[in-house]
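The values are calculated or read from the model by the stated rules, or taken from the named source; none is laboratory data. From a predicted model like this one, the values you see are computed outputs, not experimental measurements. Please note: Cβ atoms are built from the backbone with ideal geometry, for glycine as well, and neighbour counts cover all protein chains shown.
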Amino acid sequence: MFQYAPVEIFWGDYSQIEAEMFLFKQAAKNNYEYHHLISGADLPLVSQDKIHYFLIKILTKNF
């Protein structure tokens, strides 16, 4: 079940980091190998399928 960060978030404020840390901790409970943080400042130029395919291809690499 998805849970929202228990903090009011303001742009450019430390509350953004608090919310990200909360989400990373929640995601870590699911035992994933990697986490990708994409913010509203990121603009995907290809489809999700292409992004997923790329990430699977480079699974053993870190950026």
Can you confirm whether region 6-18 contains a residue that is at pLDDT below 85 and under 13 Å from the mean Cα position of the chain (by Cα)?
-> no
What tally of residues in region 32-63 results from selecting those that are at pLDDT 85 or above, among the hydroxyl-bearing types (Ser, Thr, Tyr) and exposed (fewer than 10 other Cβ atoms within 10 Å of the Cβ)?
-> 1
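Which residues, counting only those in region 6-31, are part of a loop (DSSP other than H, G, I, E, B) and surrounded by 11 or more Cβ atoms within 10 Å (Cβ to Cβ)? Steps first, please.
Within region 6-31, the first condition is being part of a loop (DSSP other than H, G, I, E, B), and the residues that meet it are 6-13, 29-31.
7, 9, 13, listed by residue number.
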If residue 33 satisfies every condition in (1) touching a residue at least 24 places away in the same chain (Cβ under 8 Å); (2) of a type in the set (D, E, K, R); (3) touching a Ser or Thr at 6+ places or on another chain (Cβ under 8 Å) but one, which is the exception?
-> (3)
Is it true that residue 59 is under 27 Å from residue 8 (Cα atoms) and of a type outside the set (Val, Ile, Thr)?
-> no
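Scan region 42-61 and give yes if some residue there is outside any helix (DSSP H, G or I) and under 13 Å from the mean Cα position of the chain (by Cα), otherwise no.
Within region 42-61, the first condition is being outside any helix (DSSP H, G or I), and the residues that meet it are 42-47, 58-61.
This time we only want the ones that are under 13 Å from the mean Cα position of the chain (by Cα), so: 42.
Yes, region 42-61 has at least one match.
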